[in-house]
Structures are given as C-alpha cells and as structure tokens.
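Shown next, in structure tokens, is the structure this report addresses.
Nothing in this text is a laboratory measurement; each read-out follows from the coordinates by a stated rule. What you are looking at is a predicted structure, and each value in this text was computed from that prediction instead of being measured. Positions of Cβ are backbone-derived with ideal geometry, glycine not excepted, and every protein chain shown enters the neighbour counts.
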Amino acid sequence: MRSTPDSKIRVLHVITGLNTGGAEMVLYRLIEGMDRSEFANSVISLTSIGPIGDQIRALGAPVRALGLSRRSPNPLKLLELASWLRRSRPDVIQSWMYHADLLAGLAAKMAGGYRVVWGIRHAKPLSNTMNSRTIRVARLCARLSHRLPARIVYCSEAAHAAHARIGYADDRFSVITNGYDLDHFKPDAGAGSRLRKDLDIQPESQVIGLVARFHPDKDHRNFVSAAAELAAARDDVHFALCGTDVNWDNRELAGWIEDTGYKERFHLLGNLSNANGVTAGFDIATLSSVTEAFPNVVGEAMACGVPCVVTDVGDAALIVGETGKVVPPRNPDALAAAWSELLDLPENERKALGERARERIARYYDLNSMIKRYEALYREVAGDVRPGRID
C-alpha cells in the first residue's frame, strides 16, 4: 500500500534486457508518455543496460543492471534483486517477459510481498522455436501465476488464450495492446523516392519490405521463397529487408537469396536506427512470421499509411482488419499471391487502402490509449483492488 495518498505511484519495471526489441520499445514509449506528476518510473534490467536503457535514462528514469548471465545464471542475483526491491519500495512492480516475470515475482515475495504485474508478450509459450530453458520458465510461471502476480497483462488476445490453455491464472488478467505514436509513425511523401535512390533502383520499381530480426519465428525463408516466386512473374519488384543480423554476412540468409537466382532484387539493410523512415517508403509491408503476439512492425507500417500482407499469427489479422491481406503461415505461394493482388491495384486504390490502415491504427491502437490503460492498472494495483480483468 502506498505510504501516503498524495505521493507519486512508484512503478519499478523489471525486464530481461534493454537491447532493441518490441517489448523494450513499448517500455520506453510507456515511460516517455506516462504522467510524471502522478507516476515515478524506474527500471531494472536483469542483464545489461543496452541502447534502450540509455534512452530511458535520458527521460530521467533511473535504470540499473543486475548483470545476470544468460548462459550461467547466478542464484545469488535473486537475493540481490530482492535487496534492490526492498530499498526501492515500489508501489507496483511491472515485469516484462518470462524470465523477468519469474525472478521479479520471487524477489518481490522475498522482499516483503510487493505487488507484481506480470507482462506476457508471447503468443506460443511452448513453441519449438523457443529454447528449452525458456519453455521450462514458462511452465513454471504457469504454476506460480496463481500465487505470485497481482495481475497478468497480455499484449494480445492470442497471448491470453494461449497462456490460459497451459494453466496461467485466469482470474486476474488484462489485455493491453500496443499503441503507436501517430506523430512519429506517419506517411512521408518523399520516403519512396529516397528509398529507391538509396537502393539504387528505378523510381517506378515496386518495393515490398520486411522489418524483422533474423530468427526462426520471423521465417525469413518463407519471405524469400515467396519473393522468388513473385520475382519470376514480375520484373518491377524489389525486396527490402532490415533488422538485426539481416545482412549479407548472414550466410544462411544470403544463401537462400542466392539460390533464388534473383539476388539483385534483394536489399539487406541490417539493423536501422530509424526503420520507420524506410517503412514509409514501402509499397507493401510484410509479416512472414510463424508466431507473434502483437507485432509492432505491422502497426507501425499501417500508421505510416502502408498496406500490409501478414501471416495469420497472434493478433496480426485483428490489427490489419480489412485494410490488407492475411495469409496462412509457412505458405509462400499464398504470400506471393497476396502481394501480387495488392500490386495489381490501381495506385489510387492502394493509397486509399493505406489511408484506411492509418485510420484503423488511430481508432484502435493509439499510443495515448495504451498509456492510459497502464496508468489505470497501476492505480488499481497500488490501491489494492480485488483481482479481475481490467478493461
């Protein structure tokens, strides 16, 4: 319980790490947008500070790193985390992702019973693309979810359903979807020409883009296979890919591309600090994943006025609605056909589709709405309200 009713609500976030990623960026945007007259945020990274940690510090929020090794975890670090919690005396602890959920929940109990809100951001908790340690942690969290967290927050309806099926407590949950800053992610009339100039391709070329780190979940092979099929049918289309390890030094990815016979149509841009500047220049943005919860790249592209073709994973179809195309995962034929269908639209119709996509984000997935829902949740947890779904 808060010490005095007129003091700020102290929210301490515990996250696995602070390198660039979807959850990390949501945390940054949340802290950036929360009402600082009512809330005081601080962050503990279980591993290192990372670039997002530096950005959060620049907002004025304290950030510390526990220095936990991913390869050989030291159990004494749990005691250190509990000690940090006792000294911080937070009103609410918000943890992000499985390992942080587990350690924050245990440390909060050891420190004296601080209230923890677990953050779940995965739609397939037992996916074969996850390592065995993470699967074990997810299973353990399912058993402890009835005792450790005061609330469980899912980033998508798909994530909630999947975790309920494996035994996560279903009497204390909320679904708070990601939100997007429409002043940051917005159409850019000059982005298309700049992108084509940077790629050294013809101004009239069509560009299909994928923003995703190289990981089995993202299924780059599906994208490459579909791209090869489309490239064989159309000579005006190019493919721009960006994300961590998405470069020509990645011999696995480069090998797939070389095998298509259309290497000159592929552009590997690596990890970009301003991916939305590239996204706004796409004719079509794509999600080729086999699993997602709530894919940020789809909402960001839609906010930029770019129509999307997505695989039917997590909440992707719900995000897109009628403003794009949804295809089965691991089906490059369907992916290529959906691309072709959008490329065949008259330019004004495709532009109108992108405009409707942005309108859909503004209506359902606005950043301010996400922030207000988290603030409401933290008020209720700090006020010791009975468990239950919060909408």
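Net charge in the neighbourhood of L335 (other residues with Cβ under 12 Å of its Cβ; Lys, Arg +1, Asp, Glu -1) is -2.
Magnitude of the charge dipole for the chain, about its Cα centre and with charges confined to Cβ atoms of Lys, Arg (+1) and Asp, Glu (-1), is about 2300 debye.
Along the axis of the charge dipole computed for segment 191-364 (Cβ charges of +1 for Lys and Arg, -1 for Asp and Glu, origin at the Cα centre), the listed residues A254, I319, A338 are led at the positive end by I319. Counting every pair of alpha carbons in segment 237-290, the share spaced more than 15 Å apart comes to 51 percent.
Residues whose amide H lies under 5 Å from that of H238, counting only those 5 or more places away or on a different chain, are Q206, V207, I208; hydrogens are built 1.01 Å from N in the peptide plane. Of the peptides 234-247, 266-279, 14-27, the order by per-residue mean of other Cβ atoms within 10 Å, starting with the highest, comes out as 14-27, 234-247, 266-279.
Summarising the amide proton neighbourhood of S289: residues at separation of 5 or more, or on other chains, whose placed amide H is nearer than 5 Å comprise T311. Shown here: semi-axes √(5λ) of the Cα gyration tensor in Å, derived from the displayed model; of the candidates (1) 44, 24, 20; (2) 39, 22, 19; (3) 33, 27, 25, it corresponds to (2). Close amide-amide hydrogen proximity is noted between N41 and V11, each under 5 Å apart and 5 or more residues distant or on a separate chain (H modeled in the peptide plane; Pro and chain starts excluded).
This model, with +1 at the C-beta of Lys and Arg and -1 at the C-beta of Asp and Glu, gives segment 26-86 a dipole about its Cα centre of some 300 debye. To the nearest ten degrees, helix 332-343 and the longest principal axis of the Cα atoms of the chain are 70 degrees apart. Which residue, chosen from W84, C155, G277, occupies the Cα position most advanced towards the positive end of the dipole of the chain, where the dipole is computed from +1 (Lys, Arg) and -1 (Asp, Glu) charges on Cβ about the Cα centre? With unit charges placed on the Cβ atoms, the residue in question is W84. When segment 67-215 is described by a simple charge dipole with +1 on each Lys and Arg Cβ and -1 on each Asp and Glu Cβ, the residue from Y98, F173, G113 located farthest towards its positive end is G113.
Phi-derived couplings, Karplus 6.51 cos²θ - 1.76 cosθ + 1.60 at θ = phi - 60°, listed residue by residue for segment 9-24: 7, 8, 10, 10, 9, 10, 9, 4, x, 10, 6, 5, x, x, 5, 5 Hz, with x used for Gly and Pro. Here the Karplus relation 6.51 cos²θ - 1.76 cosθ + 1.60, evaluated at θ = phi - 60°, turns the backbone of segment 32-45 into coupling constants of 4, x, 5, 6, 6, 6, 10, 10, 10, 9, 9, 9, 10, 8 Hz, with x for every Gly and Pro. Using a simple spin-label model with pseudo-atoms 7 Å out from Cα toward Cβ, K372 and E80 lie 4.1 nm apart. Multiplying the residue separation of D54 and S127 by 0.36 nm and removing their Cα-Cα distance gives an extension gain of 23.1 nm. For segment 314-326, putting each phi into the Karplus relation 6.51 cos²θ - 1.76 cosθ + 1.60 with θ = phi - 60° gives couplings of x, 9, 4, 5, 5, 5, 5, x, 9, 9, x, 10, 10 Hz, in residue order, rounded to whole numbers and with x for Gly and Pro. Partners of K325 within straight-line reach, counting lysines whose Cα lies under 25 Å from its Cα and excluding those fewer than 8 residues away in the same chain: K124, K186, K218, K351.
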